[in-house]
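S.K.: Attaching a single structure in structure tokens format; questions to follow.
The values are calculated or read from the model by the stated rules, or taken from the named source; none is laboratory data. Quick caveat: nothing in here was measured; it's all calculated off a predicted structure. Cβ coordinates were reconstructed from backbone atoms using ideal geometry, including for glycine residues, and neighbour counts include every protein chain displayed.
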Amino acid sequence: MQKNRKSVFPGGVHPTDGSDKILSMDAAVQQYWPDTVTILSEQSFGGKCRLLVKAGDTVEEGQLIGEPEAFMAAPLHASVSGRVLDVTEVMNQGRKILACIVQREKEHREPEGVYRTAAADIRGISREEILAGIRDGGLTGMGGAGFPTHKKYETDKKIDTLLINGAECEPFLTCDYRLMLEEGHALVNGVRLLLKGSGAERAYICLEDNKPQAAENLSSILKEARESGVMESSEQVEVKVLPTKYPQGGERQLIQAVTGREVPMGGLPADVGVIVSNVGTARAAADMILGGLPLIRRIVTVTGSVKNPGNYLVPVGTSAKELLELAGGVTVSSNRVIAGGPMTGPCVASDWNGEEELFYITKNTSGILVLPDSVYEEQPCIRCGGCENACPAGLAPWKIDFAFQEKDYDLCEKLYASECIACGCCSYICPAKRELTVRTRMARDAVKQRMRERAVKKA
Ligand code: SF4
Ligand code: SF4
């Protein structure tokens with residue numbers, strides 16, 4: 001295990017003392033297989049799939065039910081075995097999305113193989129087979145935007161370093177922590193496969209120093225794998241412990257903290273020889289390539305103002321409402337329900353009474369968080385500079401905010417709004433409680449759209 005207290009990135013904040021994670025971090029993951037699932041044809045924003053099934057069809061768990069139609073999409077599979085009740089549009093986080101509703105008729109099938117309890121022999125698996133597994137298994141990022149994994153690994157750039165992201169820096173979320181504790185063997189085997197698939201020389205499993213048990217567990221699994229002789233000496237995999245600081249798990253911040261390299265503005269990690277994948281994605285790689293199970297399930301943290309906070313392993317398409325009921329229901333009537341963590345997750349309901357549907361679990365849903373509602377009003381900016389100091393992307397959020405409100409998109413572009421990573425640090429730090437993140441994110445999207453339109457005109 002390598003500990004590096006100095007490897008940091010500029011900006012960032014320390015949102016909490018960690019007491020929020022304690023709510024759910026010590027409880028073992030529980031499995032939950034609902035009677036029906038609602039599998040969205042768009043698993044991440046813009047990741048649209050064409051559904052291949054119709055009402056009345058019978059599907060088997062892991063069967064391909066959707067083909068990618070967009071750049072951001074990955075193949076989609078049935079998350080349970082049963083009958084398709086309907087293929088219809090459903091409301092999800094304020095948008096209508098086509099979905100496949102399946103009634104479960106069979107018990108869940110656990111993937112086969114000893115890879116979940118011991119080091120797997122991967123010598124006979126070629127790089128091409130790994131890349132095919134990543135693509136055919138519908139693997140995506142499982143922490144952020146849900147970027148299709150095969151698009152990262154099929155790069156023609158020279159990759160020398162693979163970073164496996166277990167930082168889980170957002171307050172409240174503990175699903176990755178439980179995965180690192182409970183599924184360490186599958187995770188390490190997945191990292192070894194991704195290392196081989198990426199062509200990189202070394203892989204680092206990166207996590208923050210507030211998760212010492214997970215770091216110890218993974219280090220001892222790696223040691224055991226090396227001693228067993230199954231893991232070859234060329235498989236350079238290390239655990240890297242980083243200082244706790246938000247957003248340590250941001251792709252660019254992680255790359256800078258571990259390798260010292262800066263991804264150029266408008267560039268990608270591959271431009272500096274790096275691929276970053278989430279720990280959940282590594283485990284999914286092992287499930288697919290060694291266990292034959294595509295990405296159809298994930299661990300979700302259900303926490304905050306709920307009776308029994310915890311982590312649940314559920315099939316894709318599970319209802320968030322059902323998961324909140326499973327966690328004992330919300331404990332405050334004046335509340336905000338957030339899909340994900342408090343810094344980056346969208347608020348999907350206010351004063352939710354437990355009645356209406358909220359959203360459906362997708363491959364990149366890390367958590368469902370209920371917070372007591374706090375009413376505050378935005379105040380004028382006092383030019384304190386706090387947001388500028390905290391911005392890990394090196395932006396001036398208050399200037400972008402003003403430019404965006406004036407609809408001055410030329411200025412937004414000059415201020416590099418396109419580089420905003422929507423981390424939430426600026427809003428968190430602002431004493432005037434300005435909604436900076438919402439507006440810098442909107443400015444980013446507007447600027448990126450203009451850039452895309454210019455590129456199309458030029459072509
Ligand atoms: S401007 Fe964007 S990147 Fe910078 S702190 Fe705000 S949300 Fe984060
Ligand atoms: S932190 Fe808030 S008050 Fe301070 S400069 Fe930024 S927007 Fe203005």
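S.K.: Within region 361-384, which residues are outside any strand (DSSP E or B) and away from ligand 2 (no atom under 16 Å from the Cβ)? Show your work before the answer.
M.R.: Within region 361-384, the subset outside any strand (DSSP E or B) is 361-366, 373-384.
Ile361, Thr362, Lys363, Asn364, Thr365, Ser366, Asp373, Ser374, Val375, listed by residue number.
S.K.: Taking region 427-459, which residues are farther than 14 Å from Glu388 by Cα, charged (D, E, K, R) and more than 10 Å from ligand 1 (Cβ to nearest atom)?
M.R.: Lys433, Glu435, Asp445, Lys448, Arg450, Arg452, Glu453, Arg454, Lys457, Lys458
So that you can scan it fast, the table gives a plain yes or no per residue for (1) part of a loop (DSSP other than H, G, I, E, B); (2) at negative phi; (3) surrounded by 14 or more Cβ atoms within 10 Å (Cβ to Cβ):
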{"position": "Val80", "(1), (2), (3)": "yes, yes, yes"}
{"position": "Val84", "(1), (2), (3)": "no, yes, yes"}
{"position": "Thr88", "(1), (2), (3)": "no, yes, no"}
{"position": "Leu98", "(1), (2), (3)": "no, yes, yes"}
{"position": "Lys106", "(1), (2), (3)": "yes, yes, no"}
{"position": "Asp121", "(1), (2), (3)": "yes, yes, yes"}
{"position": "Arg135", "(1), (2), (3)": "no, yes, yes"}
{"position": "Gly138", "(1), (2), (3)": "yes, no, yes"}
{"position": "Ala145", "(1), (2), (3)": "yes, yes, yes"}
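S.K.: Can you tell me which residues in region 389-431 are of a type in the set (A, V, I, L, M, F, W, C), assigned to a loop (DSSP other than H, G, I, E, B) and away from ligand 2 (no atom under 15 Å from the Cβ)?
M.R.: Initial filter on region 389-431 (of a type in the set (A, V, I, L, M, F, W, C)): 390-391, 393, 395-396, 398, 400, 402-404, 411-412, 415, 417, 420-423, 425-426, 429-430.
Filter once more, so that each one left must be assigned to a loop (DSSP other than H, G, I, E, B): 391, 393, 395-396, 415, 420-423, 430.
Selection gives Ile421, Ala422.
S.K.: Residues of region 31-84 being in contact with a helix residue (DSSP H, G or I) (Cβ under 7 Å, 6 or more places away or on another chain) and more than 23 Å from Gly144 (Cβ to Cβ), which ones?
M.R.: The answer is Tyr32, Pro34.
One line per residue, one yes/no per condition, for (1) under 20 Å from Val241 (Cα atoms); (2) outside any loop (DSSP other than H, G, I, E, B); (3) of a type in the set (S, T, N, Q):
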{"site": "Val8", "(1), (2), (3)": "yes, no, no"}
{"site": "Gly11", "(1), (2), (3)": "yes, no, no"}
{"site": "Asp20", "(1), (2), (3)": "no, yes, no"}
{"site": "Pro34", "(1), (2), (3)": "no, no, no"}
{"site": "Ile39", "(1), (2), (3)": "no, yes, no"}
{"site": "Ser44", "(1), (2), (3)": "no, no, yes"}
{"site": "Arg50", "(1), (2), (3)": "no, yes, no"}
{"site": "Glu61", "(1), (2), (3)": "no, no, no"}
{"site": "Glu67", "(1), (2), (3)": "no, yes, no"}
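S.K.: Turning to a different aspect of this structure: The conditions are (1) buried (at least 23 other Cβ atoms within 10 Å of the Cβ); (2) basic (Lys, Arg); (3) over 28 Å from Pro148 (Cα atoms), and Lys307 fails exactly one of them. Which is it?
M.R.: Going through (1) buried (at least 23 other Cβ atoms within 10 Å of the Cβ); (2) basic (Lys, Arg); (3) over 28 Å from Pro148 (Cα atoms) one by one, Lys307 breaks only (1).
S.K.: Where residues in region 249-278 are over 26 Å from Ser366 (Cα atoms) and hydrophobic (A, V, I, L, M, F, W, C), which of them is surrounded by the fewest Cβ atoms within 10 Å (Cβ to Cβ)?
M.R.: The qualifying residue surrounded by the fewest Cβ atoms within 10 Å (Cβ to Cβ) is Met265.
S.K.: Shifting gears a bit: Got a sec? Which of Ala99, Ala120, Ala55 is within 22 Å of the chain's Cα centre (by Cα) and modelled with pLDDT of 95 or more? Before you say what the answer is, go through the steps one by one.
M.R.: Working: Ala120 fails: within 22 Å of the chain's Cα centre (by Cα); Ala55 fails: within 22 Å of the chain's Cα centre (by Cα).
None of the other options fit; the residue is Ala99.
S.K.: Let me ask something else. Specify which of the listed residues (Glu322, Glu357, Glu378) is among the charged types (D, E, K, R) and within 16 Å of ligand 1 (Cβ to nearest atom). So that I can check it myself, show each step before the final result.
M.R.: Numbers: Glu322 fails: within 16 Å of ligand 1 (Cβ to nearest atom); Glu357 fails: within 16 Å of ligand 1 (Cβ to nearest atom).
Criteria check complete, one pass: Glu378.
S.K.: Since Ala393 meets every condition but one in (1) within 16 Å of ligand 1 (Cβ to nearest atom); (2) free of Cβ contacts under 8 Å to residues at least 12 places away in the same chain, which condition does it not meet?
M.R.: Among (1) within 16 Å of ligand 1 (Cβ to nearest atom); (2) free of Cβ contacts under 8 Å to residues at least 12 places away in the same chain, Ala393 violates only (2).
Listed here are the residues, each with its yes/no results for (1) without any contact (Cβ under 8 Å) to a residue 60 or more places away in the chain; (2) of a type outside the set (S, T, N, Q).
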{"site": "Val13", "(1), (2)": "no, yes"}
{"site": "Ser44", "(1), (2)": "no, no"}
{"site": "Val59", "(1), (2)": "yes, yes"}
{"site": "Ala73", "(1), (2)": "no, yes"}
{"site": "Ala78", "(1), (2)": "no, yes"}
{"site": "Arg83", "(1), (2)": "yes, yes"}
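S.K.: Looking only at residues in region 93-118 that are of a type outside the set (Val, Ile, Thr) and in contact with a strand residue (DSSP E or B) (Cβ under 6 Å, 6 or more places away or on another chain), which one is farthest from Cys347 (Cα to Cα)?
M.R.: Restricting attention to region 93-118, the residues satisfying the condition of being of a type outside the set (Val, Ile, Thr) are 93-96, 98-100, 103-113, 115-116, 118.
From what is left, the residues that are in contact with a strand residue (DSSP E or B) (Cβ under 6 Å, 6 or more places away or on another chain) are 93, 96, 98-100, 103-105.
Numbers: Gln93: 9, Lys96: 17, Leu98: 22, Ala99: 22, Cys100: 24, Gln103: 29, Arg104: 30, Glu105: 33 Å.
It comes out as Glu105.
S.K.: Count, please, the residues in region 405-419 that happen to be crowded, with 16+ Cβ neighbours inside 10 Å and more than 9 Å from Ala443 (Cα to Cα). Break it down stepwise before answering.
M.R.: First, pick out the residues of region 405-419 that are crowded, with 16+ Cβ neighbours inside 10 Å: 409, 411-413, 415-419.
When the remaining residues are screened for being more than 9 Å from Ala443 (Cα to Cα), the result is 411, 415-416, 419.
Residues in region 405-419 being crowded, with 16+ Cβ neighbours inside 10 Å and more than 9 Å from Ala443 (Cα to Cα): 4 in total.
S.K.: If you scan region 162-203, which residues turn out to be part of a strand (DSSP E or B), touching a residue at least 60 places away in the same chain (Cβ under 8 Å) and not β-branched (Val, Ile, Thr)? Steps first, answer last, please.
M.R.: Of region 162-203, the ones part of a strand (DSSP E or B) are 162-165, 202-203.
Then drop every residue that is not touching a residue at least 60 places away in the same chain (Cβ under 8 Å), which leaves 162-165.
Within region 162-203, Leu162, Leu163, Asn165 meet the criteria.
S.K.: Okay, moving on. Thr440 versus (1) buried (at least 18 other Cβ atoms within 10 Å of the Cβ); (2) not in a helix (DSSP H, G or I): which is the lone unmet condition?
M.R.: Condition (2) is where Thr440 drops out.
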